[in-house]
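Report on the following structure.
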Amino acid sequence: MRRLLRHLRSVLRVRPGKPAIGAGLRTALATAVPLVLAFLLGVKDAGWGA
């Protein structure tokens with residue numbers, strides 16, 4: 001049990017550092033671009049992927 005708690009603490013530890021803005025923008029584009037294209041092309045059932 002102690003090993004599990006120690007592992008959880010190490011995983012959930014917040015460390016100072018630079019935010020990953022590039023990764024966030026890449027993720028936002030990967031999510032939004034297909035949905036916008038589906039909307040513009042009139043694909044009705046594409047929203048389930050969001």
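Every read-out reported here was derived from the displayed coordinates using simple, explicitly stated rules and does not represent laboratory data. All values reported here derive from a predicted model rather than from experimental measurement. No Cβ is skipped: glycine too gets one built from the backbone with ideal geometry, and neighbour counts run over all protein chains shown.
Observations on the model:
- The chain: radius of gyration over Cα atoms, expressed as a fraction of 2.2 N^0.38 Å: 1.93
- Helix 21-41 axis, angle to the chain major axis (alpha carbon atoms, nearest 10°): 30 degrees
- Cα-centred dipole magnitude for the chain, charges only on beta-carbon of K, R (+1) and D, E (-1), debye, nearest 20: 700 debye
- For the chain, the longest principal axis of the alpha carbon atoms and the long axis of helix 2-12 meet at an angle near 40°.
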